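Working notes, structure below.
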Amino acid sequence: MTLNLTAIPRVKTISKDAFLNTYYKPQLPVVIEQGITDWPAYSKWNLEYIKAIAGDITVPLYDDRPVDYKDGFNQAHAQMKMSDYIDLLQREPTKYRIFLWNILKEVPQLQQDFKYPDFGLRLMKTLPMLFFGGTDAHTFMHYDIDLANIFHVHFNGKKDCILFDQRQTKYLYKVPHSLITREDIDFNNPDFNTWPALKNAKGWTCQLQHGELLYLPEGYWHYMRYLTPGFSLSLRAIPKRPLHLCKAVYNILIMRHFDHLMRKLKGQKWIDYKNKKAVTNTAPFV
Ligand SMILES: O=C(O)CCC(=O)C(=O)O
Ligand SMILES: [Fe+2]
């Protein structure tokens, strides 16, 4: 038994109208294989290049340890000089990832290497984010706090992506007051005895290669597993659908602060309570 996943459609290139009508309006994902061949990044961006221009910067690192009540919301687990981190990535598999690294702030010169694609969506120009990972590193299954539309471009290798739309949430063992599913689910090889409702979820999958652009519609759940060392750039546009916009505002203004407060007040009991709730909330959908 495996997850019920459909291959994400692929196009070589696509016009603005075709993108809006075929993918954005119905909120379906697509991989655009040659969407960034005109960016300098297409030929320039690899780990050696990043090491050369950002090697001295200290970067925050995340691994796949379960959420600890002592941590803040999305708090990093370690830090390293970028050059040491890239050496580590190239030397051996590592769980350490860079997550949500704002390149505009950190290395402004990298901005000259990419463009904001004109697909008719207003992209948030202050929030281009980079993500790095080594062989076998993976993110938790999550969706982004702002439920954005995301243009996600991969560089320097390959990674596997699994996506679900928000309608699948009831089958996914979502942890309440968070943006993740139960962290002990291995989406690469799920145990359906422990997580039977996953059998009912219908999702999408793709394997991204260097220079390919994945469009993730609003609030889509995503799990990404690096097959080789590499990195990705995410550009985002705020959600259009009123329900998603309301959820984004709620998450940013209330949810994350409430969760932080409860961790302070109740400690590990709060985390344990939420993890139990993830199972009882999903039980009716088995
Ligand atoms: O690829 C990654 O490490 C995570 C990407 C991600 O979560 C995002 O683009 O929102
Ligand atoms: Fe994300």
Distance in nm between label sites at Lys240 and Thr126, each 7 Å beyond Cα in the beta-carbon direction? 2.4 nm
I need to check one value: relative contact order of the chain, counting alpha carbon pairs closer than 8 Å and at least 6 residues apart, in percent. 28 percent
Find the Rg to Rh ratio for the range 91-169, where Rh is the Kirkwood radius over alpha-carbon pairs and Rg uses the same atoms. 0.96
Can you tell me the order of 14-25, 121-132, 162-173 when each peptide is scored by its average per-residue count of other Cβ atoms within 10 angstrom, highest first? 162-173, 121-132, 14-25
Per DSSP helix of 4 or more residues, -39500 (n - 2.57); summed, then divided by the residues of the chain. What does that give at 222 nm, rounded to the nearest 500? -6500 deg cm²/dmol
Computed lengthening from Leu261 to Lys115, 0.36 nm per intervening residue step minus Cα-Cα distance: 48.6 nm
About the Cα centre, charge dipole magnitude for the chain (Lys/Arg +1, Asp/Glu -1 at Cβ), debye: 1020 debye
How high is the relative contact order of the range 1-127, in percent, with contacts defined as C-alpha pairs under 8 Å that are six or more residues apart? 26 percent
What does a probe at Asn102 reach in the range 109-133, counting residues whose amide N is under 16 Å from the point 7 Å along Cα→Cβ? 109-111, 124-131
How big is the C-alpha Rg of the chain next to the rule-of-thumb value 2.2 N^0.38 Å, as a ratio? 0.99
Cα pairs beyond 18 Å in the range 225-286, in percent, come to 65 percent
Tell me which lysines have Cα within less than 18 Å of Lys277's Cα, excluding those fewer than 8 residues away on the same chain? Lys170, Lys174, Lys266, Lys269
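Read the figures in this text as sums done on the coordinates, not as results from a lab. Owing to the predicted nature of the structure, the values given are computational and were not obtained by experimental measurement. Cβ: placed from backbone, ideal geometry, glycine included. Neighbour counts: every protein chain shown.
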